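Asker: My structure is below; once you've seen it, I'll send some questions.
Taken together, the values in this text are just the output of simple stated rules run on the coordinates, not laboratory data. If you're wondering where the values come from, they're calculated on a predicted model, not measured in any experiment. Reconstructed Cβ throughout: ideal geometry from the backbone, glycine too, with neighbour counts over all protein chains shown.
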Amino acid sequence: MLRRLDLEDQWRSLDKGFWPDDLPVGSRTVIYGHNGSGKSTLSEVLLSLAEGRCATDVVWEDESERRFTISSGGASPSSMAVFTRKWVEANLSDFLDGESASAIVTLGREAIDAKEEEDRLEAEIASWHEEAIEAEKQRKAADRKVDKLAREVQDRIVSELKEFDYNYFTKNRYSISRVQGELRKYRGEAPDSNAHADALKRLGEGALNVVREVPAPPTGVSDRLADLAEVLMETPTRVALQALEGNPVAQTWVERGLELHKEFDECLFCAGSIGHERRDQLARHFDESWLRIRGRAKGLLDAVAAEKEALVTWISRLPDPTSLAGDLQKTCEDAIGRANAEVRERMAVIGSVEGCLKAKVADPTSEPEIPNWSLLTGGISTTVLSQAVTEHNDQARRHEEITAERKQVILDHLVGSQSAVFGDLEEQAMGCAEKTSTSKTAADLAGRRLDAVRQAKFTTKDMADTLSRDLARVYGKDHLSVVVTPDGKSYACRRSDKPGTDLSDGERTTLSLLYFLRKLEDEQVPGGDPSQRVVVIDDPSSSLDRESLFATHQWLLDTLKGFGQYIVLTHDFSLLRLFLKSHRNAWGNSMKQIRDGDSDEMRFPKVAFLEMYTGTADGRRCSRLGQLPSLLMQNSTEYAYLFSMVMTGISEPEDHERLFLLPNAARRVLEVFASYKAPHRPDFLQQLEVLVQVQESEPYRDVYDFCNRFSHGEGSESMDVLDARAVHGQIRRSMEFLKAVDPQHFERMCKATGNDPAAVA
């Protein structure tokens, strides 16, 4: 069976990718599209495949998602019959022109003494079918496991990564087919669970802020302390006063007082007289060496105090470990701990030095014990801490790159850890599929031999009578019939008792379709079993009246139900509605199974309704296949659907994907509207002319011109590139015209189709 088709290169209006990967046809499929949408082009490709002369290089994907590349001139992998206008021209032109058509079956009597061979072949076919059924069951079971595993991986990818990029890590982007492709092609060693957990943790930290670099620790005091021993051991050369000797507090007090009494001869404290002799004694006590030694000691003391303050300031400026990336926080915390310990040790040494110097400042004559300050000569090591900060800042500056790497680690773990298991399951499924195919092929070969044995069961007369009954069923009368030609080898069409040489287009279509389908029932071809055949029918309702359309629809349902797959392509909105109604329950059940996650139904649904439409690619017109839009589902008449399409086109941006359909849709809306507003005129343009003239000064004359310029003929699949702004302007003018002619009708149509009338001013 056919699931989807793709082209290797552009062919007419079809190009590579015109058929989306996730859009399968089903066992029962209807494809709707306006004339010019590309249906006939697609049908021609399928016809060429069925006849073993493929028009271009294609990729055939079957119901099991197996892909077959078919080169130009090749044949389809499945037995297929295609009804198109070209098939009719090639097979029935003489018949429809009143001549004759080749007999559907070869004349001959029923085979005698063939019963034993029939029974043997039937038993053989049944055996092959049983093997095929069992192998298919095993394949489906393996496929379900493949699908389940892919869905589990998909769920983990989305659940673990969506919070970090909700636009990218979705089930739409990471579809089942994409996940399966990733599992299939993964090579190499996958990151382990620890790497996976670490990457998840790091992603959760979010963006990092740059941290200032580690400042250099203070080191200048060691140079100053080179003179420490000399300062502490030096004593002043002076005549000491006994009263002050050995009394630092008194010395300090007197020294300060001496400074204050430079300008006074009387003591400010006791009001006693200060004589020159006493001043000389005090000056000899606090001589120049005394002051110099104390000044040196005081300078060193200031330097030591500054070092203490610098150390406190430096340690406070070290980074907070929690401000660094998670993988660097422990390193940073340990390094800062070591730095604090070193600072405390240096502070202790500085405290000892400070104590000695304070004693020397208080009494320059003292000789304090020289402390061991060698620790201060070395610097505080910040290499590890600086490296951690540098690495953190590098991560902060490369956030996007590192984030992408961590996401890839997670993806590689989720995919790579399951790749081998997935490959084993796919091998199982492929082995079962090959066994199924082999058994079916053997059954088909036996079936062909059986068909040859049974050939004599049919006669040309029987098939002629069958075709005549089919015609009567469709039309409800027996005005047309099919008879055997005098030579007994062909058929001829008769109208009453005369040759059917004046067939209408509808009659030609019906006769062609009847002949085509009856031919399928008896045709001896590979895959002759109807349940293994694909039948494609393009435009089965051309030029049929309402009654014949109903009959044709019902007859198609009855006739096609025995085939493995059928695809009906139509531009007839009424026929589409009939198929939607007749397949409503089956289609609804199929949609429910798909929503419930049934992998078999998602891969190859029982019923599918699709649309073929014209889009744009690189500024050129091309055909596209998509889901049947809700507009078509919701509207019960083609007029309502086309009205809603045009109104939607007005409301949407200028790159409307169905841009090429809008001009013709607008014209068809006006055709229906004009036929009701001016039924006294024989054709559309005359009707439109009347309505234009009704408006004073004919403001909508441009609408009349538009209907001639921007619409293509029926069945055409080529048109000039359209100016999007011109199209939008003209379709808007068309609806403005309709509104101006009959505002009540316009309002009612907007209400009926769910469109905003305000979109058209």
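Asker: What is the sum of charges, Lys and Arg at +1 and Asp and Glu at -1, for the other residues whose Cβ falls under 13 Å from the Cβ of GLU367? Intermediate values should be presented prior to the final figure.
Answerer: Working: positive: LYS360; negative: GLU230, GLU234, ASP363, GLU369.
Net charge around GLU367: -3.
Asker: Report, in listed order, any pair from LYS581/LYS751; LYS477/LYS498; LYS162/LYS330; LYS519/LYS561; LYS477/LYS581 with a Cα-Cα distance greater than 19 Å.
Answerer: Pairs exceeding the cut-off: LYS581/LYS751; LYS162/LYS330; LYS477/LYS581.
Asker: Gap in Å between the Cα centre of region 317-345 and the Cα centre of region 543-592?
Answerer: Cα centres, region 543-592 to region 317-345: 76 Å.
Asker: If you don't mind, there's one more thing I want to ask. For VAL607, which sequence-distant residues (separation of 5 or more, or a different chain) have an amide H within less than 5 Å of its own amide H, given hydrogens modelled in the peptide plane?
Answerer: Result for VAL607 returns SER27, ARG28.
Asker: Here's something else I'd like to know. Full extension from GLN408 to SER675: what is 0.36 nm times the residue separation minus their Cα-Cα distance, to one decimal in nm? Intermediate results must be reported in sequence, preceding the final value.
Answerer: Working: separation 267, 0.36 × 267 = 96.12 nm, distance 6.30 nm.
Result: 89.8 nm gained on full extension.
Asker: Once the piece of chain linking ASP465 and GLU65 is laid out straight, how much longer is it, given 0.36 nm per residue of separation minus the C-alpha distance between them?
Answerer: Stretched out fully, the ASP465 to GLU65 stretch lengthens by 139.8 nm.
Asker: Under a cut-off of 22 Å between alpha-carbon atoms, report the lysines in cross-link reach of LYS360, not counting same-chain residues fewer than 8 places apart.
Answerer: Qualifying lysines at Cα under 22 Å: LYS298, LYS308.
Asker: Can you compute 3J(HN,Hα) from phi for each residue in region 26-36, using the Karplus curve 6.51 cos²θ - 1.76 cosθ + 1.60 with θ = phi - 60°, rounded to whole Hz and x for Gly and Pro?
Answerer: Using θ = phi - 60°, the values come out as x, 4, 10, 9, 10, 10, 9, x, 5, 4, x Hz.
Asker: What length, rounded to one decimal in nm, is gained on full extension from MET347 through to SER177, with 0.36 nm per residue of separation minus their alpha-carbon distance?
Answerer: My answer for the length gained is 54.4 nm.
Asker: Quick query: amide H of ARG533 versus all other amide H atoms, modeled in the peptide plane; which residues come in under 5 Å with a sequence gap of 5 or more or a different chain?
Answerer: Under 5 Å from the amide H of ARG533 lie the amide H atoms of GLY564, GLN565, each far enough along the sequence or on another chain.
Asker: What nm value, rounded to one decimal, do you get for the distance between SER496 and THR390 when each label is placed 7 Å out toward the C-beta?
Answerer: A separation of 10.6 nm, rounded to one decimal place.
Asker: Run the quick spin-label model on SER651 and ALA310: label points 7 Å from Cα toward the beta carbon, then report their separation in nm to one decimal.
Answerer: 7.5 nm
Asker: List, in order, the whole-Hz ³J(HN,Hα) value for each residue of region 601-615 obtained from phi through the Karplus relation with A = 6.51, B = -1.76, C = 1.60 and θ = phi - 60°; use x for Gly and Pro.
Answerer: 5, 5, 6, 8, x, 6, 9, 9, 10, 10, 10, 10, 9, 9, x
Asker: Once you have a ≥ b ≥ c as the square roots of the Cα gyration tensor eigenvalues for region 332-431, tell me rounded if a/c is under 1.5, and otherwise prolate or oblate according to whether a/b is larger than b/c. Write out the running numbers ahead of the final one.
Answerer: Numbers: a/c = 8.51, a/b = 4.83, b/c = 1.76.
Because a/c hits 1.5 or more and a/b exceeds b/c, region 332-431 counts as prolate.
Asker: Taking amide H positions as placed in the peptide plane 1.01 Å from N, state which residues far from VAL82 in sequence (5 or more) or on other chains have amide H under 5 Å from it.
Answerer: VAL536
Asker: For region 749-761, just list the computed ³J(HN,Hα) in residue order, Karplus coefficients 6.51, -1.76 and 1.60, θ = phi - 60°, integers in Hz, with x standing in for Gly and Pro.
Answerer: Per-residue couplings from phi come out as 5, 4, 5, 5, 9, x, 9, 7, x, 5, 5, 10, 5 Hz.
Asker: For the pair GLU117/LEU291, report the inter-label distance in nm, with labels modelled 7 Å from Cα in the Cβ direction.
Answerer: 14.2 nm
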